[in-house]
Amino acid sequence: MAKKAKSKEKVCVVGLGFIGLPLAVSLANSGAEVVGYDLRREIVDRVNKGQSHVFEPGLEETLRKVLKNGNFRATQLASEMQKYKFVIITVGTPTDSNGYPILDQVESAAKTIGENLRKGQVVILKSTVPPLTTEEFVAPLLEKASGLKLGADFGIAFVPERTIEGQAMRELKTLTKVIGASDQKTAKEVEKLFKSLGGTIVKVSSPRIAELIKLMDNTYRDTNIALANEFAKAANVLGLDVIEAIQAANKDYERNKILIPGAGVGGSCLTKDPLILAHVSEKAGESLPLIRVARKVNNEMPEKIFNLVRSVLKRNKREIRNSKIAILGLTFKRDTNDLRETPAKVIYDLLNREGAQIVLYDRFAFPEDVEKLFKTKKVENLEEACKNADCLVIATDHSEFRELKLKRIKELMRTPCIIDGRHMINPNFALDLGFDFEGIGRPKEYFERK
Ligand SMILES: NC(=O)c1ccc[n+]([C@@H]2O[C@H](COP(=O)([O-])OP(=O)(O)OC[C@H]3O[C@@H](n4cnc5c(N)ncnc54)[C@H](O)[C@@H]3O)[C@@H](O)[C@H]2O)c1
């Protein structure tokens, strides 16, 4: 007897940004029939041509594959979502200056979904939000716009997005997924959908617990980065190498998982999610000072880089004014094109204010995005950036900076100084070649003494 063909899961992903597009394409690649809905026409057109506006290794190839096999397409037509069992919300949730999330995009998405909601559908929120948003903000909007009843007619769930940019396609298949649904039946259906991607499933008792977990994930990371940055500050004033200390402290000692310090924390998540948690807790009567201090520590790191540039140049009888400084790496994260909240911009602004002549280099950031944010163009190759420079500042840990040809770079530079904000260079090697050098938590004096 012929085997009955497995029916495809039907999914609509609302918001085709950094999170939505890799998710939609991965679900389609795992066999689901997926439509991606976005308000922005340029995104829909681009995606339907097989071009990704998000740099994720493996994304564009997989996008082309699922467009070709018919499992995926993008649309601007909201009524299409009526035909899909699952509707996943992946719109943006920026914060205001106090750290409180602006839920306009979630609100407008929920209204549109509500207007198109049909009995039996499941709405899954993936955007990062304060606890209770799924149950007390999204569900009522859906009920009001649809006239349907949560539980009797449709289900809801919160499934936090835990991938990191640059690894999304791999991590979507492997990471543990947390599911908090409105009822058991919905939880089972959502579990089946996400199981098709791969990775372990952890079901929690409610959407609100899953929402808290997402905020805890990012707060944990941000606070631990701040701790590593404080260790670096201590190492700096004590004249010691923090990297040697961290690597040795972590080795074969499970209780330690000390992170690596750096030039600052950027991106749209770590810079806002801890503040959301602090804000909602404060509103409910409990202040969270550690979280706020951690944010402050991380925000101050670009200024540390600026101070290192100033002191290294001073040692070399130069001032920032009229020095040519090349910033290597502009995005907030390694090997991605995302410039949101990037520490490189703060470093740039501080140097610019002092009258430096700044050259920008990043092979991942899109030229138009660089020009929009920095109001200046990036140069296209590394040698051009280094030519006649007085100082190189490594602001992002793009893989290519691990392989810098320092000998050649030294020949190109006017004053061979390097500030390594991401631990990409072996200080001994740079100093042996005749560079002046400073790193975060890696003072030159320590390496000279050795
Ligand atoms: N970027 C990350 O690495 C990351 C990681 C984990 C969680 N998150 C969370 O995921 C969410 C999405 O983040 P992102 O970085 O993908 O945002 P993004 O800004 O890149 O993408 C959001 C997309 O939603 C679209 N959109 C907005 N309102 C819409 C509507 N009403 N209907 C249809 N489309 C709409 C926008 O046009 C845009 O394309 C945020 O809540 C963020 O905090 C992001």
### Query
For helix 59-68, what angle does its Cα long axis make with the longest principal axis of the chain, in degrees from 0 to 90 and rounded to 10?
30 degrees
### Query
All other residues with a Cβ under 15 Å from the Cβ of VAL129 taken together, and with Lys, Arg as +1 and Asp, Glu as -1, what is their net charge?
-3
#### Entry: Formal net charge of residues neighbouring LYS405 (Cβ-Cβ distance under 11 Å; K, R +1; D, E -1)
-1
### Message
Rounded, prolate or oblate for region 1-87? Axes are the square roots of the Cα gyration tensor eigenvalues, ordered a ≥ b ≥ c, and the cut-off for rounded is a/c under 1.5.
### Response
oblate
### Task
Among the listed pairs LYS324/LYS377; LYS257/LYS345; LYS49/LYS377; LYS233/LYS378, give every one whose C-alpha distance is greater than 25 Å.
LYS257/LYS345; LYS49/LYS377; LYS233/LYS378
### Summary
Carbon plus sulfur, as percent of the 1.4 Å-probe accessible area of the chain, comes to 51 percent
### Message
Please report the net charge: other residues with Cβ closer than 13 Å to the Cβ of GLN76, K and R +1, D and E -1.
### Response
0
#### Entry: Candidates per trypsin sites (Lys or Arg not before Pro) in region 129-199, loop by DSSP, up to 12 other Cβ within 10 Å
LYS149
### Query
Hey, what's region 10-205 come to in accessible area per residue, 1.4 Å probe, Å²?
41 Å²
### Task
Go ahead and estimate [θ] at 222 nm for the chain from helices alone: -39,500 (n - 2.57) per DSSP H run with n ≥ 4, summed, over the residue count, rounded to 500.
-12500 deg cm²/dmol
### Query
Excluding ligands, DNA and RNA, what is the solvent-accessible area per residue of region 355-450 at a probe of 1.4 Å, expressed in Å²?
47 Å²
#### Entry: Magnitude of the charge dipole, the chain, Cβ model with Lys/Arg +1 and Asp/Glu -1, debye to 20
920 debye
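The values are calculated or read from the model by the stated rules, or taken from the named source; none is laboratory data. In this text, all values refer to a predicted model and were calculated from it rather than measured experimentally. Neighbour counts are summed over all protein chains in view; Cβ atoms, including those assigned to glycine, are modelled from backbone coordinates with ideal geometry. Calculation scope for accessible area: heavy atoms of the full protein, side chains included, ligands and nucleic acids excluded. Shrake-Rupley method; radii C 1.70, N 1.55, O 1.52, S 1.80 Å.
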